[in-house]
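Would you mind keeping the following structure in view while I ask a few things?
Only the coordinates and a few stated rules stand behind these numbers; no lab work does. Here the structure is a predicted model, which is why all the values come from computation and not from measurement. Positions of Cβ are generated from backbone atoms using ideal geometry, with glycine treated the same way; all protein chains shown enter the neighbour counts.
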Amino acid sequence: MDQKRAVIFLTTSQDPEQKKPLMLSDILFCPILTWVARKLKDDGVERFFAVCGPEYADEARACFPVDADVTVSDQHPRLLDFVSGVGQVTVIPRPVVPAERAGEGYVYSAKGFALAEGWKKAATIFLQDVDGERGWIALNSDADIQDVELHLRDEIVRRHIANGVRILDPGAVYIDPRVKIGRGTMVLPGTILRGGTDIGRDCVIGPNAMVSSCIVGDETEVNASQINESSIGRRTHVGPYAYVRPGSHIGDDIKVGDFVEVKNSTIGDGTKISHLTYVGDSDVGKKVNFGCGTVTTNYDGFHKYRCTIEDESFIGCNTNLVAPVTVGKGSYIAAGATITKDVPEDALAVARVKQENKDGWAARRRKMNGK
């Protein structure tokens, strides 16, 4: 049985100052071509031909799933070969975006042999005697994108609400069409969800949160924070004012509190990083407690190094962990320490200058300054 096919023409914008194909511009953080590819795939299309010049070929291919059967080329013979001898082919002859309430026009379908014969005779990509398809809005410029973006935002919001997501103020959130949200989750005002983000059930996201290309487990809260290209477990609390950078894997029942930054690190279940802490390039075990002001000093100006902090360690406030260093399981680090050597399991590490009190020093200083 012949696979259903589609041809997509990445024509340039009618705006003479815009050389890049309009189909590669974003709507709600997602390339228009990705919107188109997802709609066609949902309609049963299995093979795609994107007509695009070589300078944008890689960018165009990235708009399709990695495992999709896609040809990206501007070679006319390859296009004719793609449609010859096949059944009905969907043709996207100009920049469009799918919309639930759009009417007929701009997109059509025809038999493959008819397309091949027509395209052999004429340079135009539009043909007569074809079947128009509904559900597409034409785009001519960036101004058209601006006009349609809020309409599409509202469509996405309605779809999530119908699936059991609670969106407190539908006009105050922006959700990428690739985002998945579990039933029972509440999305609060000021939230932006981008990329292939997948949020579990019964979460609270926002207010004023941005989640980009992340996996978020059930019953997790992200409050006034940004998380990027990372995974967050179940029943974890992030924020307010936390920053999770790419490559981080944060487990279950964890607190990543106010003014905490996590970068390229793995954080074990039950760990608490409550405030004013930087954890970068680190492997952190379970039930570790970070005191306020802890810093993993992972960069020497030339290379980055990793810290290992094992289960149930207790890191005192205002601690510097100079990587590479390992903090053993169950060990304690005294507040104000700078750790440059490994700490054994169950040990206490003290690394600070011994306190010395000079009696009367402050009074003498005030007298010298006439106070």
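So for 136, 119, 361, fewest C-beta neighbours within 10 Å to most, what's the order?
Taking fewest neighbouring Cβ atoms as first place, the list is 361, 119, 136.
Using helices alone, what [θ] at 222 nm do you get for the chain, with -39,500 (n - 2.57) per DSSP H run of 4 or more residues, divided over all residues and rounded to the nearest 500?
-5000 deg cm²/dmol
Relative contact order for region 5-144: what is it in percent, counting Cα pairs under 8 Å that are at least 6 residues apart?
Averaging sequence separation for qualifying contacts and normalising by length gives 26 percent for region 5-144.
Once the Cα gyration tensor of region 203-284 is found, what semi-axes does its equivalent ellipsoid get, as square roots of 5 times the eigenvalues, in whole Å, sorted largest first?
Numbers: eigenvalues 48, 34, 30 Å².
The answer is 15, 13, 12 Å, longest axis first.
Please work out how much length the chain gains when fully extended from residue 69 to residue 46, using 0.36 nm per residue of separation minus the C-alpha to C-alpha distance, in nm with one decimal.
7.6 nm
Once amide H atoms are placed 1.01 Å from N in the peptide plane, what residues at a sequence separation of 5 or more from residue 204, or on another chain, have their amide H within under 5 Å of its amide H?
For residue 204, whose amide H was placed from the backbone, the distant partners under 5 Å are 186, 220, 221, 222.
Moving on. Count the DSSP beta bridges whose two residues both fall in the chain, then state the antiparallel fraction as a percent rounded to the nearest 5.
Counting only bridges with both partners in the chain, antiparallel ones make up about 15 percent.
Of the options 143, 76, 28, report the single residue whose Cα projects farthest towards the positive end of the charge dipole of region 5-144 (beta-carbon charges: Lys, Arg +1; Asp, Glu -1).
Of 143, 76, 28, it is 76.
Moving to a separate point now. Could you give the angle, 0 to 90 degrees to the nearest 10, between helix 112-121's Cα long axis and the longest principal axis of the Cα atoms of the chain?
Result, in degrees: 80.
With a Förster radius of 56 Å, plug the Cβ-Cβ distance of residue 351 and residue 117 into 1/(1 + (r/R0)^6) and report the FRET value to the nearest 0.05.
Calculated transfer efficiency: 0.10.
Looking at [x] 34.7, 124; [y] 22.0, 67; [z] 28.3, 101, which value of Rg and Dmax of the Cα atoms in Å comes from a calculation on the structure shown?
Computed from the coordinates, Rg and Dmax of the Cα atoms in Å corresponds to [z].
Kindly put 297, 340 in sequence by how many other C-beta atoms sit within 10 Å of each C-beta, fewest to most. Could the numbers behind the result be given before it?
Details: 297 17, 340 12.
Arranged by neighbour count, lowest to highest, 297, 340 become 340, 297.
Work out how much length residue 2 to residue 371 would gain on full extension: take 0.36 nm times their residue separation and subtract the Cα-Cα distance, in nm to one decimal.
Values: separation 369, 0.36 × 369 = 132.84 nm, distance 9.43 nm.
Full extension from residue 2 to residue 371 adds 123.4 nm.
Quick one, can you get me the convex hull of the C-alpha atoms of region 159-349 expressed as volume per residue in Å³?
84
Would you order 329, 367 from fewest to most other beta-carbon atoms within 10 Å of each residue's own beta-carbon?
Exposure proxy ranking, most exposed first: 367, 329.
Sticking with this one: Taking the Cα centre as origin and putting +1 on Lys and Arg beta-carbons and -1 on Asp and Glu beta-carbons, what dipole magnitude results for the chain, to the nearest 20 debye? Could the numbers behind the result be given before it?
Values: 45 positive and 50 negative charges, 309 e Å.
Roughly 1480 debye for the chain.
Which one of 177, 77, 246 has the biggest mean-square fluctuation once the chain is modelled by GNM with Cα springs under 10 Å?
77
Moving on to the next point. For region 129-197, what class follows from the C-alpha gyration tensor (a ≥ b ≥ c being the square roots of its eigenvalues): rounded when a/c is under 1.5, otherwise prolate if a/b is larger than b/c, else oblate? Working shown, then result.
Details: a/c = 2.57, a/b = 1.74, b/c = 1.47.
Prolate.
Express the relative contact order of the chain as a whole percentage, based on alpha carbon pairs under 8 Å and six or more residues apart in sequence. It would help to have the intermediate numbers written out before the result.
Numbers: 970 pairs, mean separation 25.6, N = 371.
About 7 percent, as a whole number.
How high is the relative contact order of region 159-349, in percent, with contacts defined as C-alpha pairs under 8 Å that are six or more residues apart?
9
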